[in-house]
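One structure is given below, encoded as structure tokens.
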Amino acid sequence: MRQLKGIHHVSAITSSAEKIYSFFTDVLGLRLVKKTINQDDINTYHLFFADDIGSPGTDMTFFDFQGIQKGIKGTDEIARVGFRVKDDLAIDYWIKRFKHYNIDFEDKGKIFDRRMVFFKDFDNQEYAIVSDEAINGVKPGSPWKNSPIPLEFSIRGLGPIFIRVKDKQKLTDVLIDNLNLKKVKDKANLTLFTMGEGGNGGSIISDYQPNLNQAIQGYGSIHHLAFRIENKNELYQWIEKLNIISARHSGLVDRFYFKSLYTRLYPHLLFEFATEGPGFLSDEETYETLGETLALSPKFKQKRKYIESIVRHIDTVRSKNVYKKEYLNE
């Protein structure tokens, strides 16, 4: 069986599709590459933020489930999403940017030889800006050309992803024995694991927190973490492996933009295996207009008129705008 290639995407829950669109577009400078609906709940938006073309490994998505409670932070949850930047100089830029936009942040110095800055959004969702300087591994994506962020400082992918757990050994066994990751290093309560070519785009950091209460999922929480696999053939190989270890799973799920498989190998943590393609560039939208219209997968296209009548409109047109690069020189 081939190794997992790295992080594919992370999906989270937001209290407001409109506010998360503004935060990710105007503050973080990521591109909305697809505005669609949750395929299991058509009243819920599913927004995909990524690099310039929606490359695997650059994508964070959000659901805005109606009526959901606020998430409660704790242990046994996928806790924090890292966003990769080119180098330490970019970290300095992001510190200035967070000050400019009055966003609370914490400069963590270096964690496993990577400079990191922790920050949160309006829902208390947890993130990090992480430097790629001197860290080799999974290749980054291509920053959104029309972003307000200067390209040399732009976010260019996901990773590492932090997972808080109360049973360190159980998660270690899952990552190594079931998912074929490699344990690299321990530091206090943190453990670094890598997959594929490694680097930030292929890293998971386990955060051992046995004394925290159980996290409760809601808005401000991460829904699931997806790993990159090459194609449908590999997905069937993972189905076979999950069957061998008697792990419950979803079977193949066609998400149109990629094929998926879901499983819970550790309590409360939902993992997904997602194929590289076909991706977000299709006949639905041109490169210039990605994310500007309500995109529907084939099984929903015949219901477009009805869906558009019940889903509130969000203006995501950006192709007519030119964002001025914000260097924030002092």
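The values are calculated or read from the model by the stated rules, or taken from the named source; none is laboratory data. Please read all numbers here as calculations on a predicted model, not as lab measurements. Neighbour counts are summed over all protein chains in view; Cβ atoms, including those assigned to glycine, are modelled from backbone coordinates with ideal geometry.
Flag: residue 89 matches the condition of being on the phi < 0 side of the Ramachandran plot and surrounded by fewer than 16 Cβ atoms within 10 Å (Cβ to Cβ).
Each residue in the stretch 303-323 was checked for being more than 30 Å from residue 78 (Cβ to Cβ), of a type outside the set (Phe, Trp, Tyr) and at pLDDT 90 or above, and 8 of them qualify.
Going through (1) within 19 Å of the chain's Cα centre (by Cα); (2) under 22 Å from residue 165 (Cα atoms) one by one, residue 110 falls short only on (1).
In the set 230, 234, only one residue is touching a strand residue (DSSP E or B) at 6+ places or on another chain (Cβ under 9 Å), surrounded by fewer than 20 Cβ atoms within 10 Å (Cβ to Cβ) and of a type in the set (Asp, Glu); that residue is 230. The single residue among 155, 78, 95 that is of a type in the set (Val, Ile, Thr) and surrounded by fewer than 23 Cβ atoms within 10 Å (Cβ to Cβ) turns out to be 95. Scanning the stretch 52-80 for residues that are closer than 22 Å to residue 326 by Cβ and under 12 Å from the mean Cα position of the chain (by Cα) returns 58, 60. Entry remark, the stretch 240-264: residues being touching a strand residue (DSSP E or B) at 6+ places or on another chain (Cβ under 6 Å) and more than 19 Å from residue 40 (Cβ to Cβ) number 2 in total. Of 273, 300, all but one fail to be in contact with a helix residue (DSSP H, G or I) (Cβ under 9 Å, 6 or more places away or on another chain), touching a residue at least 24 places away in the same chain (Cβ under 8 Å) and surrounded by fewer than 18 Cβ atoms within 10 Å (Cβ to Cβ); the exception is 300. Can you confirm whether residue 183 is surrounded by fewer than 22 Cβ atoms within 10 Å (Cβ to Cβ) and assigned to a strand (DSSP E or B)? Against the criterion (surrounded by fewer than 22 Cβ atoms within 10 Å (Cβ to Cβ) and assigned to a strand (DSSP E or B)), residue 183 qualifies.
Given the criteria at pLDDT 95 or above and surrounded by 20 or more Cβ atoms within 10 Å (Cβ to Cβ), does residue 59 qualify? Here the answer is yes, as residue 59 does meet what is asked. Under the condition of being at pLDDT below 95 and aliphatic (A, V, I, L, M), the residues counted in the stretch 19-50 number 2. When residues in the stretch 19-41 are screened for being crowded, with 21+ Cβ neighbours inside 10 Å and in a loop (DSSP other than H, G, I, E, B), 3 of them pass.
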